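Structure, as structure tokens:
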Amino acid sequence: QGRENFHIGDGSTMIYRRKGEYDLVRVGWDWRCVPGITTKQRTGTLPLVPWGEYYYSNNRIAGGVSDGNVSIGAFKLDRKGPQTKALKSYFSFDDAIICIRNSVSDTTTVAGDVYTTINQTERRTDTHFMVNNEAEKIIPLSSNEITNLDIRSASWFWQDSIGYIVLPKDKVETSLIMTTSTRRANWLRLDGRNPDSVETANIFQLSINHGITGAGKDDSY
């Protein structure tokens, strides 16, 4: 039934290094923060797909190429209904993925900032990070925190064998939200065929907050 799947086709990007990084935590996902997508954090129930009214795109620009080792993909985000737009691209190598976006905007008057979520995965280790050349910090696996950061220079984050490097635009801060917390939710809310079972998910999430159009936030990354 996919009750929460509305944004899966907006450029979702799952990063696997071990196996099953997302299997246990989807129950607690924020489904407006699917890894890789850019969308407004509005409230309310997500429309169903593919039968929803706003499923289709306004453009035909999407493509990719690969030689089996290195790949490039790009598309223009512009769906019917939601007014969040962006130009998005991916460059994949043996040990790294480079994600570049620009022209992020949203013209709707509905409340909510626009987020691009870098990842929302299972938290399996302590979280290490260093921001703006300050001292390295550690968030223990057992801690529950939401950390808001204004990134002015190259900064890095590490959790469960994956490192994330955020490069801000010159003279423009990148606003980043890091969530390291546990969430309780029911599998039944995702699909009526799932068991009526409440589970705890330990989640690591990194999201860039682009703010709202015209608010002076970074419209790229």
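Would you confirm whether or not segment 5-14 contains a residue that is open to solvent by 50 Å² or more (accessible area, probe 1.4 Å) and not hydrophobic (A, V, I, L, M, F, W, C)? Yes: one or more hits. Taking the criterion of being open to solvent by less than 80 Å² (accessible area, probe 1.4 Å) and without any contact (Cβ under 8 Å) to a residue 40 or more places away in the chain, the residues of segment 73-82 that qualify are GLY73, ALA74, LYS76, ASP78, GLY81.
Which of the residues spanning segment 130-147 are farther than 14 Å from PHE204 by Cα, in a strand (DSSP E or B) and open to solvent by 90 Å² or more (accessible area, probe 1.4 Å)? Across segment 130-147, the qualifying residue is only LYS137. With respect to (1) more than 22 Å from TRP29 (Cβ to Cβ); (2) touching a Lys or Arg at 6+ places or on another chain (Cβ under 6 Å), the lone exception for TRP156 is condition (2).
Each residue in segment 109-128 was checked for being touching a Lys or Arg at 6+ places or on another chain (Cβ under 8 Å), open to solvent by 40 Å² or more (accessible area, probe 1.4 Å) and closer than 24 Å to VAL172 by Cβ, and 3 pass.
Inspect all residues belonging to segment 104-117 and state whether any of them is more than 19 Å from GLY36 (Cβ to Cβ), modelled with pLDDT of 95 or more and over 19 Å from the mean Cα position of the chain (by Cα). Scanning segment 104-117 turns up no residue that is more than 19 Å from GLY36 (Cβ to Cβ), modelled with pLDDT of 95 or more and over 19 Å from the mean Cα position of the chain (by Cα). Of the numbered criteria (1) within 16 Å of the chain's Cα centre (by Cα); (2) in a loop (DSSP other than H, G, I, E, B); (3) under 23 Å from ASN148 (Cα atoms), the one ASP10 fails is (3). Of all residues in segment 148-184, those satisfying the criterion of being within 17 Å of TYR221 (Cα to Cα), open to solvent by less than 60 Å² (accessible area, probe 1.4 Å), in a strand (DSSP E or B) and not hydrophobic (A, V, I, L, M, F, W, C) are SER155, GLY163, TYR164, THR174, SER175. Residue by residue through segment 113-129, note down the ones that are polar (S, T, N, Q) and not in a strand (DSSP E or B). If the condition is that a residue be polar (S, T, N, Q) and not in a strand (DSSP E or B), then THR125 is the only one that fits. Flag not set for VAL27, criterion: among the aliphatic types (A, V, I, L, M), open to solvent by 20 Å² or more (accessible area, probe 1.4 Å) and outside any loop (DSSP other than H, G, I, E, B). Residues that are exposed (fewer than 13 other Cβ atoms within 10 Å of the Cβ) and among the charged types (D, E, K, R) were ranked within segment 88-108; the one that is farthest from THR174 (Cα to Cα) is ASP94.
The values are calculated or read from the model by the stated rules, or taken from the named source; none is laboratory data. Predicted, not measured: the structure shown is a model, and the values here were computed from it. Neighbour counts run over all protein chains shown; Cβ positions are idealised from the backbone, glycine included. Side chains included, ligands, DNA and RNA excluded: accessible areas come from the protein's heavy atoms. Shrake-Rupley method; radii C 1.70, N 1.55, O 1.52, S 1.80 Å.
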